[in-house]
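Note sheet for the following structure.
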Amino acid sequence: MRIIAGQFRGTALASVGKGDAGAHLRPTTDRVRESLFNVLMGGKFSDPISGARVLDLFAGTGALGLEALSRGASEVCFVDDGRKAGSLIRENIRLTRSKASTRLVMRDATRLPVWDGAGFDLVFLDPPYGKGMGERALATAVAGRWIAPGALIVWEENAPQLAPEGFALLDQRKYGDTHVTFLERDANDCR
């Protein structure tokens, strides 16, 4: 795995290796990540990355958030409760020298506390496939004020996802067995 573009372009990220079977790490492949960012930067979404505050839920290796940071996001908050994931994210932050622009929250993304900062503009949601954790994490993040009204959500799953209440479906793409659903939070939703 490597960073595809931007200031960290070409940086090799820490290898997941055989990993920890219990960690359920399934990093987004370079090909899918490149395609996903091509969609984001392709004009349809009016550059949602430059200056964005990014939330990477079920962050795993942190590759999605670090790719956004490399391409101009102002900061990234990684959320994952796995020990192996935490270790990989810390190493990848070190490799990209991005500690000043990142934060790691070691929490279950489906049980987030109330966030005391400004909501995030761009959210990557990459839960374990087929377990219904994505919708629970999204609901918890909204209730806890983690997600700004009008935020763009990029949700990876093994099937296309429906837009939950308070979100509009913008686009869906399929890359092999990965389905990416693009949602926008209602700009008037002040929950």
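Evaluate the distance, in nm, between pseudo-label points positioned 7 Å from the Cα of R90 and of E34 along their respective Cα→Cβ axes.
3.2 nm
Starting from the Cα gyration tensor of segment 87-191, take the square roots of the eigenvalues, sort them a ≥ b ≥ c, and report rounded, prolate or oblate (rounded when a/c is under 1.5, otherwise prolate if a/b is larger than b/c, else oblate).
oblate
I want to check a number: in the chain, how many lysine pairs have alpha carbons closer than 29 Å, given a sequence separation of 8 or more or different chains?
Qualifying lysine pairs in the chain: 9.
Can you bin the chain into rounded, prolate or oblate? Criterion: square roots of the alpha carbon gyration tensor eigenvalues sorted a ≥ b ≥ c, rounded for a/c under 1.5, prolate for a/b above b/c, oblate for the rest. List each step's numbers first, then the result.
Numbers: a/c = 1.28, a/b = 1.22, b/c = 1.05.
In terms of gyration-tensor shape, rounded.
What does the helix-only formula give at 222 nm for the chain: each DSSP H stretch with n ≥ 4 adding -39500 (n - 2.57), the total divided by the residues, and the result rounded to the nearest 500 deg cm²/dmol?
On the way: 4 runs with 45 residues, N = 191.
So the calculated ellipticity at 222 nm is -7000 deg cm²/dmol.
Could you tell me the calculated FRET efficiency between E165 and D108, based on Cβ-Cβ distance and R0 = 25 angstrom, to the nearest 0.05?
Using R0 = 25 Å, I get an efficiency of 0.65.
Output wanted: per-residue J couplings in Hz (rounded whole) for segment 134-150, from phi through Karplus 6.51 cos²θ - 1.76 cosθ + 1.60, θ = phi - 60°, x for Gly and Pro.
Going residue by residue, I get x, 5, 5, 5, 4, 4, 5, 5, 5, 4, x, 6, 7, 10, 6, x, x Hz, with x marking Gly and Pro.
For the ranges 95-104, 28-37, what's the packing order if you count other beta-carbon atoms within 10 Å of each residue, average per peptide, and put the highest first?
Going by the mean number of other Cβ atoms within 10 Å, highest first, we get 28-37, 95-104.
So if R0 is 45 Å, what FRET efficiency would A143 and Q7 give, r being the distance between their Cβ atoms, rounded to the nearest 0.05?
0.85
For an R0 of 30 angstrom, estimate the FRET efficiency from the Cβ-Cβ distance between D186 and Y129 and round to the nearest 0.05.
That gives a FRET efficiency of 0.70.
So what J values fall out for segment 69-76 if you push phi through Karplus, 6.51 cos²θ - 1.76 cosθ + 1.60 with θ = phi - 60°, rounded to Hz, Gly and Pro as x?
Ordered by residue, 3J(HN,Hα) equals 4, 4, 8, x, 5, 7, 7, 9 Hz.
Could you check what % of the DSSP bridge pairs in segment 49-185 are antiparallel, to the nearest 5?
On the way: 14 of 32 bridges.
So the antiparallel bridges amount to about 45 percent of the total.
Any read-out appearing in this document is the output of simple, stated calculations on the displayed coordinates, not a laboratory observation. Given the structure is predicted, the values throughout are model-derived calculations rather than measurements. All Cβ positions, glycine included, derive from the backbone under ideal geometry; neighbour counts span all protein chains shown.
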